[in-house]
1. Give me a count of the residues in the stretch 23-78 that are under 21 Å from ALA94 (Cα atoms), small (Gly, Ala, Ser) and part of a helix (DSSP H, G or I).
2. Report, ordered by the first and then the second residue, all pairs with beta carbons closer than 6 Å, sequence separation of six or more or different chains, a first member in the stretch 85-96 that is free of Cβ contacts under 8 Å to residues at least 40 places away in the same chain and part of a helix (DSSP H, G or I), and a second member that is open to solvent by less than 20 Å² (accessible area, probe 1.4 Å) and among the aromatic types (Phe, Trp, Tyr).
3. For the stretch 110-154, which residues satisfy the criterion of being surrounded by fewer than 17 Cβ atoms within 10 Å (Cβ to Cβ), of a type in the set (Val, Ile, Thr) and part of a helix (DSSP H, G or I)?
4. Of the conditions (1) closer than 16 Å to LEU146 by Cα; (2) in contact with a Lys or Arg (Cβ under 8 Å, 6 or more places away or on another chain); (3) at pLDDT below 95, TYR75 clears all except one; give me its number.
5. On the basis of being without any contact (Cβ under 8 Å) to a residue 40 or more places away in the chain and either in contact with a Cys (Cβ under 9 Å, 6 or more places away or on another chain) or aliphatic (A, V, I, L, M) (or both), does LEU32 make the cut?
6. Among the residues of the stretch 44-80 satisfying the criterion of being touching a residue at least 60 places away in the same chain (Cβ under 8 Å) and not hydrophobic (A, V, I, L, M, F, W, C), which is surrounded by the fewest Cβ atoms within 10 Å (Cβ to Cβ)?
Amino acid sequence: VSTEIAPERVLPALAEVAKAAGASGMVGGQVLDMEYTGKEDVTFEDLETMHAQKTGALIRCACASGAILAGAEGYHVDAAREYGKQLGAAFQIADDILDEIGDEKELGKPVGSDREQGKTTYPSLLGMPKSRAFADIHRQRAINSLTSFSGEHAIFLKQLANYVVDRT
């Protein structure tokens, strides 16, 4: 197995990274996060947009750029991008839940820190049962986006989606 990456794949992969890191990605999401901290009128749509730009952009980028670098066809890159988008949403919702009910030793950070900082989270907007249900919806969407993949790679990605939501 060759470990060389075809040079013509590098630029499109870097474009994914640049978009995910810039104003419409992580940087923009972080600006929104700072703007929303302490505000009480943050909507569900605001929260989704912020997290799609922060956590979601980075996970989506990792999935899409990995597919590009591996030489995947366009529809596989699109599927990887959708998987990353849904995985990122599931991850963030699960992270918000763990910030409320997780074990500090396992998390490596204080439980309740989002609440103490005045951050709007999925549980603060939706409550815990709806937040869990919403994480499950995104997990299933991530898994469903893998229909064009097969073999061990698909199995690993499905297991990863399950882990992200079920982790403690």
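The values are calculated or read from the model by the stated rules, or taken from the named source; none is laboratory data. Nothing here was measured: the structure is a model prediction, and the numbers come from that model. Cβ coordinates were reconstructed from backbone atoms using ideal geometry, including for glycine residues, and neighbour counts include every protein chain displayed. Accessible surface is based on the protein model in full, side chains and every heavy atom, while ligands, DNA and RNA are left aside. Shrake-Rupley method; radii C 1.70, N 1.55, O 1.52, S 1.80 Å.
1. 5
2. Filtered contacts from the stretch 85-96: ASP96/TYR122.
3. ILE137
4. Of everything listed in (1) closer than 16 Å to LEU146 by Cα; (2) in contact with a Lys or Arg (Cβ under 8 Å, 6 or more places away or on another chain); (3) at pLDDT below 95, TYR75 misses just condition (2).
5. Numbers: without any contact (Cβ under 8 Å) to a residue 40 or more places away in the chain: yes; either in contact with a Cys (Cβ under 9 Å, 6 or more places away or on another chain) or aliphatic (A, V, I, L, M) (or both): yes.
Taking the combined requirement at face value, the residue satisfies it.
6. By that ranking, first place goes to TYR75.
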